[in-house]
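What follows is calculated from the coordinates using simple rules that are stated; it is not laboratory data. Keep in mind that what you see is a predicted model, and the values were worked out from it rather than measured. Positions of Cβ are backbone-derived with ideal geometry, glycine not excepted, and every protein chain shown enters the neighbour counts.
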Amino acid sequence: MGKITGFLEFTRELPKYRSVEERVNDYKEIPLEFSDEKTNHQAARCMDCGVPFCHNGCPLGNIIPEFNDAVYNNDWELAAQILLSTNNFPEYTGRICPAPCETACVLGINQPPVAIEHIEKSIIEKAYALNLIKPQIPKVRTGKEVAVVGSGPAGMAAAAQLNKAGHLVTVFERADRIGGLLRYGIPDFKLEKTVIDRRLKVMEEEGIIFKTNTNVGVDISIDDLNKNFDAVVLSGGSTIPRDLPIKGRALKGIYPAMEFLSQQNKRVSNIATEVDHQGQQYANGDLFATDKNVIVIGGGDTGSDCVGTSNRHKAASITQIELLTKPPVERAESTPWPNWPMMLRTSSSHEEGCERQWAILTKEFIGNEKDELTGLKIVDVEWKSVDGKAQLVEIEGSERVLPCELALLAMGFVHPQHEGLLNDLGVQLDERGNISANNYKTNVDKFFTAGDMRRGQSLVVWAISEGRECAREVDLYLMGESALESKDKGVLQVN
C-alpha cells in the first residue's frame, strides 16, 4: 500500500455533523465538509493485510484496498474507475449503507476500522466535481429490448448494466418519480434527492428510458410486455409492511412508517402529497408529528428515520420501542470478527432526541370516545427457555400505558405485493412470499427478478448487487454469453 505505517500514524476520523440545533430545522444532509487531506489520511490507514476481508464483507465485492491506495496517492480518476467497476451507485451506498465492509476490516480486530464508507462517498463526489462522471453510451446496440419493473436500486442497477451490454432498456415505475425507497423512503437529511436526479440524468443520456406513473399489469398489460420486450426484470421491492393486529389497531393515529416518511419526502421536494410512493391514494390525510407524543414501534433504520423526521416536525416526545433485548455496546461474542456484529447502534436521529426502550411488547392501542389514539399499553418481556425453546415471557407487574397520539409501525416488510402483476403472471413464490428464482430467472419464460422482491427486505448495497447479477443472467439469456462483471464470476481488471 501507499503508506505502510499509515494505520499506526492516523486514527479513524469522520466528518462532524451540523449541530442538532441547526439540523432539526431543515432536511438537508447533516455531515460537514471534510478536507481531501483528512480523507487522504483515512485512506492511508488501509493496511497491507494480505487477505482483505473487506472484499467478502461487501455484497458488491468492492475492490477496497486498491481504491484506498489510489485515494492516498491523490489519483481520484483511478479511484473512481476502480470503485465504479463494481458499484454503479457509490453516491447512494456512501451515504446510507451500514458498511458491512468496515465490520470485516482486518484493522478493526484491535483498532477502529478503516473509514471505507466515507472514502467511497468522497471518491464519487470528487469524480462528479472533476467531471469524471460522463454518459457511457454503448457503441453497439444488440437490438434486444428489456423492461425493468421498479426503479429502486436493484432496478436501476439492472438497467445500467443491461444498457452497458448494448440492450435497449425501459424502466417502468408506478410512482410519480424514479428511485423507489431511495426517493420516498430515505429522508433527505440522509440522502438529498438531487443526488438521485444527478445520476438519473446520466442514465437517461446513456439511452435508458424511464416511464413513471405506470403500473405494470394495469397501465401496460402482461401481453404487451411479452410482445414488446425480449426479457423482463421484476424489481418492485418488498412493499407489504408488517402489521400489528392487536386490540385498538383501527384507532386514528396508527400508521405504517412508509406512509409517514413518503409524505414528508414529497413535501421536501414540493410534490403534492395526495398519493403515496406506490401511486395509491393516501387514506389518512396529511401526517404530522407536531406537538404529539410519538411512539415508533421497531428498532431498525426505518424507525430511526421516523425519529429524525418527528424531531424535525417538533414532536412533543419521541419514544422508540423494540421487542428484542438491548444489544451490547461492543461487539457481541456470538458475532466475532469478521461477521456482522450484534451491537448497539445509535444514529444521528437518536442523538437529536429520543427515548429508546428494549424488550418491550405492545399489548394494546388505547383510544378515546372519538376513536383517536391516546396511549399505548406495553409490557416488559424477557427471553426464557421453555421446554427447550426460547420464548418471550412477560415480566409481572411491568404493564403500563405510555401517552401516544401518533404510533408509527416500523417493523419491516413481509414480501412484495402479490395482488395484480405477480398473481396474474403466475410466478412461483417461496415460503416467505418472495419470488422464487433460479439464477434470478423465474418460472415464467423471459421473466427475471432481483432485489428485495427476490431476497426479501435487505440493504441498498444488496439490492445493487442483485441488480448487477440479474443483469448478467439476462444478458446470458439474450446473447448466450456476457462480458458484464460479476462478483461470483470475477470482475474485469482495471488497467
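Along the Cα→Cβ direction, 7 angstrom out, place labels at VAL414 and ASP445. What is the inter-label distance in nm?
3.4
Would you mind working out the magnitude of the charge dipole of the range 243-411 relative to its Cα centre, with +1 at each Lys and Arg C-beta and -1 at each Asp and Glu C-beta, to the nearest 20 Debye?
Numbers: 18 positive and 25 negative charges, 28 e Å.
With Lys and Arg at +1 and Asp and Glu at -1, about 140 debye.
State the extension gain, in nm to one decimal, for the chain segment bounded by LEU14 and ASN339, taking 0.36 nm per residue of separation less the distance between their alpha-carbons.
On the way: separation 325, 0.36 × 325 = 117.00 nm, distance 2.27 nm.
Answer, rounded to one decimal: 114.7 nm.
If each residue of separation counts as 0.36 nm, what is the full-extension length gain between ASP286 and GLU77 once their alpha-carbon separation is subtracted?
Extra length available between ASP286 and GLU77 comes to 70.7 nm.
Compute the separation of the alpha-carbon centres of the range 96-122 and the range 451-477 and state it in Å as a whole number.
Cα centroid of the range 96-122 versus Cα centroid of the range 451-477: 23 Å apart.
For the residues CYS49, CYS354, what sequence is obtained by ranking on other C-beta atoms within 10 Å, fewest first?
Working: CYS49 16, CYS354 23.
Exposure proxy ranking, most exposed first: CYS49, CYS354.
Below 13 Å, Cα to Cα, which aspartates and glutamates can LYS370 reach? Residues fewer than 8 away in the same chain don't count.
Within reach: GLU405.
Report, by chain and number, residues whose modeled amide H sits under 5 Å from the one on GLN320, excluding near sequence neighbours (fewer than 5 apart, same chain).
Those lying under 5 Å, H to H, from GLN320 are VAL296, GLU355, ARG356, GLN357.
Under 5 Å between amide hydrogens, which residues at least 5 positions from VAL169 or on another chain qualify, with H placed 1.01 Å from N in the peptide plane?
Close amide H contacts, sequence-distant or interchain: VAL146, ILE209.
Over the range 224-373, what is the relative contact order in whole percent, taking alpha-carbon pairs under 8 Å and six or more residues apart? Each step should come with its number before you reach the end.
Working: 181 pairs, mean separation 36.7, N = 150.
In percent, rounded to a whole number, it is 24.
From the phi angles alone, apply the Karplus equation (6.51, -1.76, 1.60; θ = phi - 60°) to the range 412-428 and give each ³J(HN,Hα) in whole Hz, x where the residue is Gly or Pro.
Values, residue by residue: x, 10, 8, 4, x, 5, 8, 4, x, 4, 5, 5, 5, 6, x, 6, 6 Hz.
When DSSP assigns beta bridges and you keep just the ones with both residues in the chain, what percent turn out antiparallel, to the nearest 5? Mind showing how you got there, number by number?
Numbers: 24 of 57 bridges.
About 40 percent, rounded to the nearest 5.
Can you grab the distance from the C-alpha centre of the range 126-176 to the C-alpha centre of the range 1-75, Å, no decimals?
Cα centroid of the range 126-176 versus Cα centroid of the range 1-75: 28 Å apart.
Each residue of the range 143-150 in order: what ³J(HN,Hα) in whole Hz does its phi give by Karplus 6.51 cos²θ - 1.76 cosθ + 1.60, θ = phi - 60°, with x for Gly and Pro?
Whole-Hz 3J(HN,Hα) from phi for the range 143-150: x, 8, 10, 10, 9, 10, 9, x.
Give me the dipole magnitude in Debye, nearest 20, for the chain about the Cα centre, with unit charges on the beta carbon: positive for Lys and Arg, negative for Asp and Glu.
Numbers: 54 positive and 70 negative charges, 57 e Å.
Here the chain has a charge dipole of around 280 debye.
Taking the Cα centre of each part, how many Å lie between the range 292-360 and the range 407-425?
24
Going by average Cβ neighbours within 10 Å, how do the peptides 441-453, 302-314 rank, with the highest at the top?
Numbers: 441-453: 23.1, 302-314: 24.8.
So the peptides 441-453, 302-314, ranked by packing, come out 302-314, 441-453.
Using a 7 Å offset from the Cα along the Cα-to-Cβ direction at both ARG400 and VAL51, what is the distance between the two label points in nm, to one decimal?
Placing both labels 7 Å beyond Cα along the Cβ direction yields 4.9 nm.
Near LYS193, which lysines are there with a Cα under 22 Å away, not counting those fewer than 8 places off in the same chain?
Answer for LYS193, where 22 Å is the Cα cut-off: LYS16, LYS28, LYS121, LYS126, LYS134, LYS201, LYS211, LYS266, listed by chain and number.
Which Cys in the chain stand alone, with every other cysteine's Cβ at 4.7 Å or more from theirs?
So far as the 4.7 Å Cβ criterion goes, CYS46, CYS49, CYS97, CYS105, CYS306, CYS354, CYS404, CYS470 stand without a partner in the chain.
Please list, ordered by chain and number, the residues whose modelled amide H lies under 5 Å from the amide H of ASN293; skip anything fewer than 5 residues away on the same chain.
ALA316, SER317, GLU405, LEU406
Which value, in debye to the nearest 20, describes the size of the charge dipole of the range 6-129 about its Cα centre when Lys and Arg Cβ atoms bear +1, Asp and Glu Cβ atoms bear -1, and nothing else is charged?
Here the range 6-129 has a charge dipole of around 300 debye.
As a footprinting exposure proxy, order LYS389, LYS164, LYS384 by other Cβ within 10 Å, with the fewest listed first.
Values: LYS389 7, LYS164 19, LYS384 10.
Sorted ascending by nearby Cβ count, the order is LYS389, LYS384, LYS164.
Work out how much length LEU392 to ARG267 would gain on full extension: take 0.36 nm times their residue separation and subtract the Cα-Cα distance, in nm to one decimal.
Values: separation 125, 0.36 × 125 = 45.00 nm, distance 4.04 nm.
Here the segment from LEU392 to ARG267 would lengthen by 41.0 nm.
Looking at VAL393, TYR440, GLY108, which one has the Cα that reaches farthest to the positive end of the dipole of the chain (charges on Cβ: Lys, Arg +1; Asp, Glu -1)?
Checking the options against the dipole of the chain, the answer is TYR440.
I'd like the Karplus ³J(HN,Hα) series for the range 357-369: coefficients 6.51, -1.76, 1.60, θ = phi - 60°, whole numbers in Hz, and an x wherever there's a Gly or Pro.
With the stated coefficients, the range 357-369 comes to 10, 10, 6, 10, 10, 7, 9, 6, 8, 9, x, 9, 5 Hz.
Looking at the range 295-338, which GluC sites (Glu not before Pro) are in a loop (DSSP not H, G, I, E or B) and have at most 12 other Cβ atoms within 10 Å?
Here the sparse-neighbourhood loop sites are GLU330, GLU333.
Using 7 Å Cα-to-Cβ label points, what is the THR5/LYS314 separation (nm, one decimal)?
5.5
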